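The structure appears right after this line, and notes come after that.
The values are calculated or read from the model by the stated rules, or taken from the named source; none is laboratory data. Because the structure is a prediction, the values reported are computed rather than measured. All Cβ positions, even for glycine, are placed from backbone atoms using ideal geometry, and neighbour counts span all protein chains on display. For accessibility, only protein heavy atoms count, side chains too; no ligands or nucleic acids. Shrake-Rupley method; radii C 1.70, N 1.55, O 1.52, S 1.80 Å.
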Amino acid sequence: MAFLILLKILGAVMLLLYAVRMVRTGFERASGPALRRAISKAASGRVTGVFSGMAVAVLLQSATAVAVLAAGFATSGILTTAAGLAVLLGADLGSSLVVQFLVFDLSWLVPLLLAVGAWLFLKIEYRTAKQTGRILVGIALVLISLQMIGDSTAPLKEARFMPQIAAYLASDTLTALALGAVLAFLMHSSVATVLMIAAFAQKAGLPLEAAIPLVLGANAGAGAVAIWLTRGMDRKARLLPLGNFIFRSAGAVAALLLVTSVHLPLEEISSLPAQQLVAVHILFNLALVLICTPLTAPMAWLVERILPEDVSTGEGEPNAPKSALDQRVVHVPRLALASATRELLRMGEQVEAMAQPVMMMLDNGSVPEIRRLQQMDGSINVIHSDIKLYIAELNRGELTSEEAEQSLELASFAINLERAGDLVSKNLLERALGLLENGVSFSEEGRRELERMHDRVLANMQLALNVLVSSDVASARELIAEKDMMRLLEKECHDRHLDRLKSRLPESIESSNAHMEVVRSLKEINSLFATVAVPILAREGQLRDSRLVPAE
């Protein structure tokens, strides 16, 4: 009996983790670039950072995902440590608000969410519709998993051992705090952990004296997850999760001392234990925002001394990742082609990293930031050269016709990625320098058009790299279809820009050449990434030989 209950709880918890990840994936694929841009705007101030982090965490249902994104911006120098800490504090508050929404009894919504979500995902080809369907199905699965946790934990209320465990955790709050931290770290999700603890309190009779320390511990443990996930990143990236972890751990200990010495009037909030726990969770994160946001600068100073510069690698210089090209297997075609594919993936990620902050650079970049991004093109060129030489050496051996064809496809895509890197560096970033030097800016409408096009290109870059690894036919079709969408977007931008010129809008006249150059460059970059899908669809017979209408 006990084994069956444990199995049911484990299955429900795994479904909860999968469902939360499903929702996050949907939002990332539907509007990932826009979410990243929202985080990047946190550089303008701490209050803006708090609200940006909170909004993105609500959508992604994960403060950890926001922490990893913010760490990437810290690496590129876009976010300072103090501004990044404000983002993380806001993200923690945002994820606690997600818990409040999910803890309501929304079981009546499950059939509707499943029906609409599955229809959108399976029947509609457009990316936004498919990912909206994924999000709706994910939310339905979250609600189902919570119901499963409640049903599977209900028998524990009558179990003989439950009073002893509950009494021990209630009397030893430090152990309960540590247990909550371990659970959150193992589950890699504070949302899932707090929801599970709330379900135990509601259905299994876990007393608040034990549940509240568990929730506080979950908040501290969730901060450790980001430290673990960013452990391989450079020093600037690791400063943010460390500072956030110190805030959360110190806050959890302070809150534990408070709740054990002062009676909290939680019964005035709700009569339900689950709602009371969620209220504690939200109030804790709100208190952290109010108390710690003014302290982000001192905390930045502290963590910079806890993690000093590594003089052996140069000041602030990230450790360069090793090449995936393995010379030991160059004469084993199957392994060598896999090695070249991994290196191509690294090259594509470098181009994506250089392209990601382009709109910020065009809007209000600085010369040092733009020059630093342009320097990344040098490493892209080196990777391109290494891949060509590696594939040339591979072709000196004996290859089957399929292996020879695949090697040529990889070499061709490497050339396209190198060209895409040149377009980012020599066209887009050079335009950013020109706008900065001449004090010219885009009109508000023009900027929105370029941001929308830039967001689509970034999303297609990620899709192209997924296709490179998976060779998935459906994704390849979507990537080629996006070329048509980009063609339509280019025409729309061109027509609207001409309309603004006709109305003699000063900003449009001053930025006209730059605007059209950015549009053309973005379209060409998108086309270069989309070439990865061509050989996959050609092998499946899903490409036309020509767009031309047959001559009569």
Which members of region 114-127 meet the condition of being surrounded by 14 or more Cβ atoms within 10 Å (Cβ to Cβ) and within 24 Å of the chain's Cα centre (by Cα)? GLY117, ALA118, LEU120, PHE121, ARG127
Which of the numbered conditions does GLU437 fail, given that it passes all the others? Conditions: (1) surrounded by 14 or more Cβ atoms within 10 Å (Cβ to Cβ); (2) assigned to a helix (DSSP H, G or I). (1)
Leading residue by the ranking (farthest from ASN244 (Cα to Cα)) among those in region 71-97 that are assigned to a helix (DSSP H, G or I), at pLDDT below 85 and of a type in the set (A, V, I, L, M, F, W, C): PHE73
Could you tell me which of the residues GLY251, GLY232, GLY243 is of a type outside the set (Lys, Arg) and open to solvent by 70 Å² or more (accessible area, probe 1.4 Å)? GLY232
Based on this model, can you work out whether THR313 counts as modelled with pLDDT under 85 and over 16 Å from LEU214 (Cβ atoms)? yes
Of residues in region 499-552 being small (Gly, Ala, Ser), open to solvent by 20 Å² or more (accessible area, probe 1.4 Å) and at pLDDT 85 or above, the one nearest to LEU423 (Cα to Cα): SER527
Could you tell me whether ALA459 is in contact with a helix residue (DSSP H, G or I) (Cβ under 7 Å, 6 or more places away or on another chain), open to solvent by less than 50 Å² (accessible area, probe 1.4 Å) and within 30 Å of VAL329 (Cα to Cα)? no
Taking the stated definitions as given, is GLU402 of a type in the set (Asp, Glu), buried (at least 18 other Cβ atoms within 10 Å of the Cβ) and more than 19 Å from VAL457 (Cβ to Cβ)? no
Within region 441-462, is there a residue that is in a helix (DSSP H, G or I), of a type in the set (Phe, Trp, Tyr) and in contact (Cβ under 8 Å) with a residue 40 or more places away in the chain? no
Please specify each residue of region 260-310 satisfying the condition of being of a type in the set (Val, Ile, Thr), farther than 18 Å from PHE247 by Cα and either open to solvent by 80 Å² or more (accessible area, probe 1.4 Å) or at pLDDT 85 or above (or both). THR260, ILE269, VAL278
Assess whether ALA218 counts as being on the phi < 0 side of the Ramachandran plot and buried (at least 24 other Cβ atoms within 10 Å of the Cβ). yes
Sole miss for ALA63 among (1) buried (at least 24 other Cβ atoms within 10 Å of the Cβ); (2) out of contact with any Asp or Glu (no Cβ under 7 Å at 6 or more places or on another chain) is condition (2)
Across region 18-29, what is the number of residues that are of a type outside the set (Ser, Thr, Tyr) and open to solvent by less than 40 Å² (accessible area, probe 1.4 Å)? 5
